[in-house]
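The values are calculated or read from the model by the stated rules, or taken from the named source; none is laboratory data. Everything numeric here is computed off the predicted structure, so don't read it as measured data. Cβ coordinates were reconstructed from backbone atoms using ideal geometry, including for glycine residues, and neighbour counts include every protein chain displayed. The area values use the complete protein model at the heavy-atom level, side chains included, leaving out ligands, DNA and RNA. Shrake-Rupley method; radii C 1.70, N 1.55, O 1.52, S 1.80 Å.
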Amino acid sequence: MEVLERNGDRDEGIQGVRVPSAVYHDKVAFIQTVREGISGSVVKQAIHALGDNRELFVRLLETTPGNLHRFYKRKALSRTDSEEVLDVLRVFYQTREVFGDGDKALRWLNTPIPALSGEKPLDLFDTFEGRRLVREVLRKVEYGEFS
């Protein structure tokens, strides 16, 4: 499976994360991938893509640091876990698109943001509502309401 595709100069996925690139922008592809269940190895890839943030995935998957590695070996995660991990990846993808590259995106995600009551965006990724709030702020940044 091609992880990183090119469409002009635009990356269609997250380098090193083996999920169909369409999940980042196509709702039907996202739903189909959730229904199939993503491989547990995607958890490890996602941790690496988000700056080796294991704690986020411990909270997201409601496990312990010592048991997180057990997810890596699963052939397919549950629908719930697959949806959570894929949604985190979609928000990261959106952040990267807004800021132009992964390093800038990670810096922003790890910076306290006044519009998020001083929270770091990445600290809000473990809940659906937190990710929704980060998406709202990203849209405002994208359209010049925040910097």
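Do you know which residues across segment 116-147 are among the aliphatic types (A, V, I, L, M) and either touching a Gly at 6+ places or on another chain (Cβ under 7 Å) or at pLDDT 95 or above (or both)?
Applying the first criterion (among the aliphatic types (A, V, I, L, M)) to segment 116-147 yields 116, 122, 124, 133-134, 137-138, 141.
Within segment 116-147, 116, 122, 124, 133, 134, 137, 138 meet the criteria.
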Inset, instruction - Please report, ordered by residue number, the helices (runs of 4 or more DSSP H) entirely within segment 26-120 with at least 1 residues that are without any contact (Cβ under 8 Å) to a residue 60 or more places away in the chain, under 15 Å from the mean Cα position of the chain (by Cα) and over 18 Å from residue 137 (Cα atoms). - result: 27-36, 41-49, 54-60, 79-99, 102-109
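Give the residue, chosen from 64, 80, that is of a type in the set (Ser, Thr, Tyr) and closer than 24 Å to residue 21 by Cβ.
On the way: 64 fails: closer than 24 Å to residue 21 by Cβ.
Among 64, 80, only 80 is of a type in the set (Ser, Thr, Tyr) and closer than 24 Å to residue 21 by Cβ.
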Inset, instruction - May I ask you to say which residue of 37, 102 is in contact with a helix residue (DSSP H, G or I) (Cβ under 6 Å, 6 or more places away or on another chain), modelled with pLDDT of 95 or more, under 22 Å from residue 18 (Cα atoms) and open to solvent by 10 Å² or more (accessible area, probe 1.4 Å)? - result: 37
Inset, instruction - Considering only segment 1-19, state which residues are at pLDDT 95 or above and open to solvent by 50 Å² or more (accessible area, probe 1.4 Å). - result: 18
Inset, instruction - Could you tell me whether any residue of segment 79-94 is among the aliphatic types (A, V, I, L, M) and either touching a Gly at 6+ places or on another chain (Cβ under 6 Å) or surrounded by fewer than 19 Cβ atoms within 10 Å (Cβ to Cβ) (or both)? - result: no
Legend entry - Conditions (1) at pLDDT 95 or above; (2) surrounded by fewer than 20 Cβ atoms within 10 Å (Cβ to Cβ); number of the one not met by residue 43: (2)
Inset, instruction - Return a yes/no flag: does segment 46-67 have any residue that is closer than 21 Å to residue 145 by Cβ and open to solvent by less than 50 Å² (accessible area, probe 1.4 Å). - result: no
